[in-house]
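Undergrad: To start, I am sharing the structure in question, which I have written as structure tokens.
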Amino acid sequence: MANGKTEEQITRFDKHPGKIGQMFNRIAPTYDFLNHFLSAGIDLKWRKLTVRDMGIRNKDLVLDLACGTGDLGFAALEKASQCRVVGVDLALKMLEIALEKSQKKGLTTSDYSFISGDILQLPFKSCTFDKAMIAFGIRNVMDTTRAFSEIHRVLKPGGILAILEFSMPERPLIKDLYLIYFRKILPFVGGMVSGDPEAYRYLPSSVNSFTPPEVLSLEMQKVGFSIKNIKRYTGGISYLILGEKQRT
Ligand SMILES: C[S@@+](CC[C@H](N)C(=O)[O-])C[C@H]1O[C@@H](n2cnc3c(N)ncnc32)[C@H](O)[C@@H]1O
């Protein structure tokens, strides 16, 4: 409890899209450096595994939701150079960095384009995309069921949704060590480097209070996805859920 509010209430308040967008705009300049530094580069491996496990192929039209600085979309284009990716995010500063990185890689907007928008109201026609993916984004969304319903709408029948998200390792010793790192060291270093301690306190608190993957996958099923797989990466520090929009 802090100021009479539970951790869950604080996290809920912080998930208002306006607040989330502002927070990521503030930390955008140091986001990539901190991601790779604090995870010792494992985050890049998780994104590679995600695009492999979801079966991204050339000719796929792929929606990268909460794309941030674009790393999941870049992993998709490394796996299948002729797929086309559309990235959507609330935070303009994150999108500016994504666009700059894309140009440096020699990609054009027909390879990877970026749109400012909210997952809860996607600016696309129904049945547009072959694949949709979201890395470390769904935890920040206020209404996950509505998000799944929107994603389901814009996917083609048979389309795949991949969700990559943090979780807590289950093995006791690994969990204890990880918690020290995640709750003490990461917020300290993240806060110092980014100049935004609140954002790096929000990270462990939002992971801790977020819906577990088994329950999240039930929400996906309720809006019409069938669950193909739930996989743990790196001793359970992250997980991947793969769902398929049922063909009617
Ligand atoms: C932790 S970052 C992840 C960025 C990127 N996917 C990655 O793998 O590094 C979370 C991103 O989700 C975005 N976001 C959060 N809620 C959103 C929403 N409702 N609609 C669109 N983007 C959202 C934030 O602006 C932020 O860029």
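Undergrad: Name every residue in the range 193-224 that is surrounded by fewer than 17 Cβ atoms within 10 Å (Cβ to Cβ) and either of a type in the set (V, I, T) or in contact with a Leu (Cβ under 7 Å, 6 or more places away or on another chain) (or both), in order of residue number.
TA: V193, T211, V215, listed by residue number.
Undergrad: Take the residues in the range 16-73 that are closer than 27 Å to Y181 by Cβ, polar (S, T, N, Q) and at pLDDT 95 or above, then tell me which one is farthest from the ligand (Cβ to nearest atom).
TA: Step by step, filter the range 16-73, then rank; the result is T30.
Undergrad: Can you name the residue in the range 30-44 that is free of Cβ contacts under 8 Å to residues at least 40 places away in the same chain and more than 23 Å from P197 (Cβ to Cβ) and, of all such residues, is farthest from the chain's Cα centre (by Cα)?
TA: Among those residues, the one meeting the criterion is G41.
Undergrad: Turning to a different aspect of this structure: For residues in the range 74-118 being within 11 Å of the ligand (Cβ to nearest atom) and either among the charged types (D, E, K, R) or in contact (Cβ under 8 Å) with a residue 60 or more places away in the chain (or both), which is farthest from T30 (Cα to Cα)?
TA: D118
Undergrad: Report whether or not S226 is among the hydroxyl-bearing types (S, T, Y) and free of Cβ contacts under 8 Å to residues at least 24 places away in the same chain.
TA: yes
Listed here are the residues, each with its yes/no results for (1) within 16 Å of the ligand (Cβ to nearest atom); (2) of a type in the set (D, E, K, R).
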{"position": "T128", "(1), (2)": "no, no"}
{"position": "F136", "(1), (2)": "yes, no"}
{"position": "F148", "(1), (2)": "yes, no"}
{"position": "I160", "(1), (2)": "no, no"}
{"position": "M168", "(1), (2)": "no, no"}
{"position": "E198", "(1), (2)": "yes, yes"}
{"position": "S206", "(1), (2)": "yes, no"}
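Undergrad: Just a yes or no: is a residue in the range 155-165 modelled with pLDDT of 95 or more, surrounded by fewer than 19 Cβ atoms within 10 Å (Cβ to Cβ) and on the phi < 0 side of the Ramachandran plot? Talk me through it step by step, then tell me what you get.
TA: Kept after step one, since they are modelled with pLDDT of 95 or more, are these residues of the range 155-165: 155-165.
Subsequent filtering for residues that are surrounded by fewer than 19 Cβ atoms within 10 Å (Cβ to Cβ) retains 156-158.
If we keep only those that are on the phi < 0 side of the Ramachandran plot as well, we get 156-157.
Checking the range 155-165: at least one residue is modelled with pLDDT of 95 or more, surrounded by fewer than 19 Cβ atoms within 10 Å (Cβ to Cβ) and on the phi < 0 side of the Ramachandran plot.
Undergrad: Only residues that are within 24 Å of Y31 (Cβ to Cβ) and among the charged types (D, E, K, R): list them for the range 191-248, please.
TA: D196, E198, R201 - these are the residues of the range 191-248 that are within 24 Å of Y31 (Cβ to Cβ) and among the charged types (D, E, K, R).
Undergrad: Quick one: which of F188, F129, F182, F148 is at pLDDT below 95, crowded, with 20+ Cβ neighbours inside 10 Å and of a type in the set (A, V, I, L, M, F, W, C)?
TA: F182 is the lone residue from the list that is at pLDDT below 95, crowded, with 20+ Cβ neighbours inside 10 Å and of a type in the set (A, V, I, L, M, F, W, C).
Undergrad: While we're here: Consider M168 carefully, then state whether it is in a loop (DSSP other than H, G, I, E, B) and hydrophobic (A, V, I, L, M, F, W, C).
TA: yes
The values are calculated or read from the model by the stated rules, or taken from the named source; none is laboratory data. None of these values were measured; they are calculated from a predicted model. Neighbour counts run over all protein chains shown; Cβ positions are idealised from the backbone, glycine included.
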